[in-house]
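The next block holds one structure in the form of structure tokens; read it before the comments.
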Amino acid sequence: MAPELIFIAVAIVGSLAGLITDLKARWVPDWTNHFMIFFGLAGHAIISLKESSIWPLALSLIVAGIFYGISLLMFYTGSWGGGDAKLLIAYGALLPTYQPLTQNYVSALWPFPATIWLNIILFGAALGILSISYLVAKNYKTFSKNLKEKIEANKKLIYTVTAAVIVVSLAGIFIDYFLIVIAVMAYLFVFLFFVMKSIENVAMIKEISAKRLVEGDWLAAEIKAGNVHIKASKTGLDLETIEKLRKLESDGKISGVRVKEGLPYVPAMFAGLLASLFYGDLMFQLISKLI
């Protein structure tokens with residue numbers, strides 16, 4: 001238990017460091033994540049040597065690898081920044097297994113790393129809903145106008161999805177009511193996508209000086225200045241591209257850079273970690289109550 005407590009402490013302290021910088025500057029320092037990943041792998045390697053068993057290190061590598069795959073998906077789809085992705089990998093390296101610290105802990109049927117991931121998803125959804133609701137209320141007039149324009153421009157898609165939802169829901173009446181739940185969720189997801197794109201357009205794009213750019217910032221649109229053509233990428237800006245933009249600005253070829261701000265996700269990851277460590281699996285408890 002003593003080594004596991006050390007891994008827990010490193011995960012909490014490292015997450016707090018990332019949380020502070022994410023809230024202040026929308027940026028997570030690499031050194032904290034790199035340290036946690038190294039500490040987790042090295043610590044489990046020492047335990048493997050001490051216990052003459054390959055499994056502590058193997059499990060750390062396997063879970064870190066699985067989280068690496070999930071992180072790549074989230075990163076390359078533009079859902080997460082690099083700091084968020086590396087933090088999840090760090091959780092895998094540090095906590096591939098876990099023994100509950102509290103008596104009322106809610107364990108699930110699946111392994112502990114799955115509990116971390118599912119709790120993060122739940123808190124991420126809750127945080128996203130609250131953040132979007134706040135931004136919608138704050139920018140309601142411009143948001144509603146933008147949303148109407150998007151719905152008008154995508155009428156054919158909406159009609160197609162509506163028809164599909166009706167067909168699946170009717171089938172669900174005769175086959176399984178769960179099909180109706182899936183259909184409604186898919187329908188809501190389509191409109192949520194339009195809501196997200198609208199709120200992004202009206203409240204999450206700002207113009208800043210190229211001097212303030214950091215690695216991973218997302219361009220809101222491609223930049224053309226003379227022979228230089230820089231496309232917006234879902235993976236964000238790299239250091240070489242940032243230097244090009246700073247040179248363009250210093251030469252007077254651009255006056256600033258329009259970037260897209262993402263919602264800070266480390267708060268959800270930190271909350272998911274704490275819930276996983278001290279309470280248990282929220283998704284499992286939710287499913288258990290619904291069944």
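The values are calculated or read from the model by the stated rules, or taken from the named source; none is laboratory data. Note that this is a predicted model, so its numbers are computed, not measured. Here the Cβ positions follow ideal geometry from the backbone for every residue, glycine too, while neighbour counts run over all protein chains shown. Areas reflect the complete protein model, heavy atoms only, side chains present, ligands, DNA and RNA absent. Shrake-Rupley method; radii C 1.70, N 1.55, O 1.52, S 1.80 Å.
Here are a few things to note about the model shown:
- Among the residues of the range 48-63, some residue qualifies, meaning at least one is open to solvent by 100 Å² or more (accessible area, probe 1.4 Å), in a helix (DSSP H, G or I) and of a type in the set (A, V, I, L, M).
- Index of the failed condition, V202 passing every other in (1) crowded, with 19+ Cβ neighbours inside 10 Å; (2) farther than 30 Å from T160 by Cα: (2)
- Every listed requirement among (1) more than 19 Å from the chain's Cα centre (by Cα); (2) within 17 Å of A64 (Cα to Cα) is met by V106 save one, (2).
- Some residue of the range 15-31 being farther than 30 Å from V259 by Cβ and among the β-branched types (V, I, T): no
- Scan of the range 222-236 for residues that are closer than 26 Å to L73 by Cα, open to solvent by 40 Å² or more (accessible area, probe 1.4 Å) and either touching an Asp or Glu at 6+ places or on another chain (Cβ under 8 Å) or of a type outside the set (D, E, K, R) (or both), ordered by number: K231, A232, S233
- When the criteria are applied in full, L118 meets the requirement of being closer than 27 Å to L263 by Cβ, buried (at least 17 other Cβ atoms within 10 Å of the Cβ), of a type outside the set (G, A, S) and under 13 Å from the mean Cα position of the chain (by Cα).
- Residue, most open to solvent (accessible area, probe 1.4 Å), within the range 239-291, restricted to residues that are among the hydroxyl-bearing types (S, T, Y) and over 28 Å from A25 (Cβ atoms): Y279
Quick grid of which residues meet (1) within 30 Å of L88 (Cα to Cα); (2) touching a helix residue (DSSP H, G or I) at 6+ places or on another chain (Cβ under 8 Å):
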site	(1), (2)
S198	yes, yes
R212	yes, no
S233	yes, no
L237	yes, yes
I254	no, yes
M269	yes, yes
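- Test set (1) open to solvent by 10 Å² or more (accessible area, probe 1.4 Å); (2) within 22 Å of N119 (Cβ to Cβ) - G18 fails condition number: (1)
- The test for being under 30 Å from D84 (Cα atoms), without any contact (Cβ under 8 Å) to a residue 12 or more places away in the chain and open to solvent by 50 Å² or more (accessible area, probe 1.4 Å) does not hold for F174.
- Residue among W27, W31 that is free of Cβ contacts under 8 Å to residues at least 60 places away in the same chain, among the hydrophobic types (A, V, I, L, M, F, W, C) and open to solvent by 60 Å² or more (accessible area, probe 1.4 Å): W31
- Conditions (1) over 22 Å from L135 (Cα atoms); (2) surrounded by 18 or more Cβ atoms within 10 Å (Cβ to Cβ): number failed by L219: (1)
- Residues in the range 214-239 that are more than 21 Å from the chain's Cα centre (by Cα) and either touching a residue at least 40 places away in the same chain (Cβ under 8 Å) or assigned to a strand (DSSP E or B) (or both): I223, K224, A225, V228, H229, I230.
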